[in-house]
Amino acid sequence: MATSSASALSFTETLSLLSLSLASFAVIANTFQGDGAPLVASLAFSGLAFASSYSMIRWLGPTFMKAGLKGKDMSKVNKKEIPETMGAVCAVVYLLIITVFIPFPFYKDIVAATSGGGNRDVVLETIEHVQNGRFLHKFPHNKLASYLSAILTVQSISILGIGDDLFDIRWRHKFFIPGIASIPLLIVYFVDFGVTHIVVPIPLRPYLGELLQLGPLYYLYMFAIAIFCPNSINILAGINGIEVSQSLVIACLLVINDCYYLLNPYPHPATDSHLFSLYMLLPFIGVSLALWWHNWYPSRVFVGDTYCYFAGMVFAVVGILGHFSKTLLLLFIPQIFNFIYSAPQLFRIVECPRHRLPRFNARTNLMEPSVTEWVSPPKPVIVIFLKVLHQLHLLRVTTNEKGIITESTNFTLLNLWLVWFGPKREDRLAIEILAMQTVVGLFGLFVRHNFALLLFEKDNLKGIL
Ligand code: UD1
Ligand code: MG
């Protein structure tokens, strides 16, 4: 990986990006018809998304710095300032690509709906009604509504994310922002799908029945997912590359899950949902890879809260509109753990400093757990709580000679990892966390596809598990 901080692209980079862009354009121009055409087009658009994000991140870095969008890399000897909010570039490129892509999955429907019977073969494939001897094609407005609401939601969260990067909104205020952005999704879910019951696991059926109707609670659950996904990525952060890498791991695992359905020898009822998911995820992987290249250790740019919100919301969108929100949560296990573990600081039971990222030791060049100092001794109940966690190896507490707690490590997965396995170089810490996330995610998918049948009898065809 090049480490130069120059904003200009090298000759090799320019040549590679240009070739990728031209190849992508060529594929897109020749890909309208045929069953797999939208998927091929989506792949080509993702190549284009990568090439444009890569060059724009490089070109716009100095402009962002000039506009004050910069941050200090706290875990380096010379705490140099680098461009921040680069996720905004990814979000904008992503939104443009997804918008331009919309006609591709609807090509057949558009032709059928506008040909007036001229293109009979296409019409025959998509017949909905026959009236007075004429074939009338019904355009899938519900599918289009999914795309449009997804774009609207991702757009809203990106604007709110940029606002946060500009004005550094307080945590307790910005926590609920993604909920507002998710409203278009919930409306489309309500109008088009509307399933608000869950299948009850076999052992609980004597008490609850086969299906449990959750009604409005189900919307509350999806609202909570939309709040959780963006925020959970934003708080598993603070070391070079971790925000974008964890998002790439989740996206790739979701793609594996989608392929599992699409490569089924028999057409699966959830095929459309998983195609929608792929169309949303492939360009996301494209823009994220471009950002990853610049954000991995040693970072040349920071992603900003915009990226964390944008990434989390893309996952919430595919999970909710693809009807597999429970599977999605299986891929968020490390983030769920980090969120629950962070709760004492998030809810101010324990003091929460502005930054909880691991502490850089300039002497050893290694990351160590960061701590919160107790200026005045904690209340007795907190003392018991901290000491129990210390005994369970879930925290490290330092006491003075009188046995009074003077400091405790910050409640984040990254700090806990360092408590368990000792100080590490920044990139090593990131690699280990990502490896753990990948193993846990693959295990989650394995369990989902192999053991769900044992608990629920029938497969989760409509995503209602
Ligand atoms: C969240 C975390 C905070 C953590 C911060 C790091 C909570 C409640 N908040 O806050 O504890 O410190 O993310 O991103 O858990 N930075 C680095 N190296 C990196 C990434 C970021 O030094 O690899 C620093 C830079 O100074 C950068 C700043 O973190 O400017 C970004 O912090 P920001 O994203 O604004 O913090 P929050 O999301 O509010
Ligand atoms: Mg952040």
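When residue 239 is tested against (1) in a helix (DSSP H, G or I); (2) within 16 Å of ligand 2 (Cβ to nearest atom); (3) in contact with a helix residue (DSSP H, G or I) (Cβ under 7 Å, 6 or more places away or on another chain), only condition (1) is not met. In segment 58-91, of all residues being touching a strand residue (DSSP E or B) at 6+ places or on another chain (Cβ under 8 Å) and assigned to a helix (DSSP H, G or I), the one that is nearest to residue 370 (Cα to Cα) corresponds to 65. Criterion applied to 386, 395 was being part of a loop (DSSP other than H, G, I, E, B) and surrounded by 16 or more Cβ atoms within 10 Å (Cβ to Cβ), and the one residue passing it is 395.
Filtering segment 259-283 to residues that are over 14 Å from residue 39 (Cα atoms) and among the aromatic types (Phe, Trp, Tyr) leaves 260, 261, 266.
Results for (1) under 23 Å from the mean Cα position of the chain (by Cα); (2) free of Cβ contacts under 8 Å to residues at least 60 places away in the same chain; (3) within 19 Å of residue 148 (Cα to Cα), shown as yes or no for each residue.
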{"position": "55", "(1), (2), (3)": "yes, yes, no"}
{"position": "61", "(1), (2), (3)": "no, no, no"}
{"position": "77", "(1), (2), (3)": "no, no, no"}
{"position": "83", "(1), (2), (3)": "yes, no, no"}
{"position": "88", "(1), (2), (3)": "yes, no, no"}
{"position": "92", "(1), (2), (3)": "yes, no, yes"}
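Taking (1) among the β-branched types (Val, Ile, Thr); (2) within 16 Å of ligand 1 (Cβ to nearest atom); (3) free of Cβ contacts under 8 Å to residues at least 60 places away in the same chain in turn, residue 301 satisfies each apart from (3).
Restricting attention to segment 281-298 and to residues that are away from ligand 1 (no atom under 16 Å from the Cβ) and of a type in the set (A, V, I, L, M), the residue that is farthest from residue 446 (Cα to Cα) turns out to be 290.
Has segment 343-357 got any residue that is surrounded by fewer than 19 Cβ atoms within 10 Å (Cβ to Cβ), on the phi < 0 side of the Ramachandran plot and aromatic (Phe, Trp, Tyr)? Looking for residues that are surrounded by fewer than 19 Cβ atoms within 10 Å (Cβ to Cβ), on the phi < 0 side of the Ramachandran plot and aromatic (Phe, Trp, Tyr), one finds at least one in segment 343-357, hence yes. Restricting to segment 43-76, count the residues that are within 13 Å of ligand 1 (Cβ to nearest atom) and either at pLDDT 95 or above or within 30 Å of residue 366 (Cβ to Cβ) (or both). Of the residues in segment 43-76, 10 are within 13 Å of ligand 1 (Cβ to nearest atom) and either at pLDDT 95 or above or within 30 Å of residue 366 (Cβ to Cβ) (or both). Please verify whether segment 350-366 includes one or more residues that are more than 28 Å from the chain's Cα centre (by Cα) and without any contact (Cβ under 8 Å) to a residue 24 or more places away in the chain. Scanning segment 350-366, I find at least one residue that is more than 28 Å from the chain's Cα centre (by Cα) and without any contact (Cβ under 8 Å) to a residue 24 or more places away in the chain, so the answer is yes. Just to be sure, is residue 4 among the hydroxyl-bearing types (Ser, Thr, Tyr), assigned to a loop (DSSP other than H, G, I, E, B) and modelled with pLDDT under 90? Yes: the conditions hold for residue 4. In the set (1) part of a loop (DSSP other than H, G, I, E, B); (2) under 27 Å from the mean Cα position of the chain (by Cα); (3) surrounded by 12 or more Cβ atoms within 10 Å (Cβ to Cβ); (4) not polar (S, T, N, Q), residue 9 fails one condition alone, (2). Evaluate segment 96-105: report whether one residue or more is closer than 30 Å to residue 425 by Cβ, under 24 Å from the mean Cα position of the chain (by Cα) and surrounded by 17 or more Cβ atoms within 10 Å (Cβ to Cβ). No, segment 96-105 has no match at all. Going through (1) away from ligand 1 (no atom under 16 Å from the Cβ); (2) among the hydrophobic types (A, V, I, L, M, F, W, C); (3) surrounded by 21 or more Cβ atoms within 10 Å (Cβ to Cβ); (4) more than 14 Å from the chain's Cα centre (by Cα) one by one, residue 317 falls short only on (4).
When residue 241 is tested against the conditions (1) away from ligand 1 (no atom under 16 Å from the Cβ); (2) at positive phi, the lone failure is (1).
The values are calculated or read from the model by the stated rules, or taken from the named source; none is laboratory data. These numbers were taken from a predicted model, which means no experiment stands behind them. We place every Cβ from the backbone using ideal geometry, glycine too, and count neighbours over all the protein chains shown.
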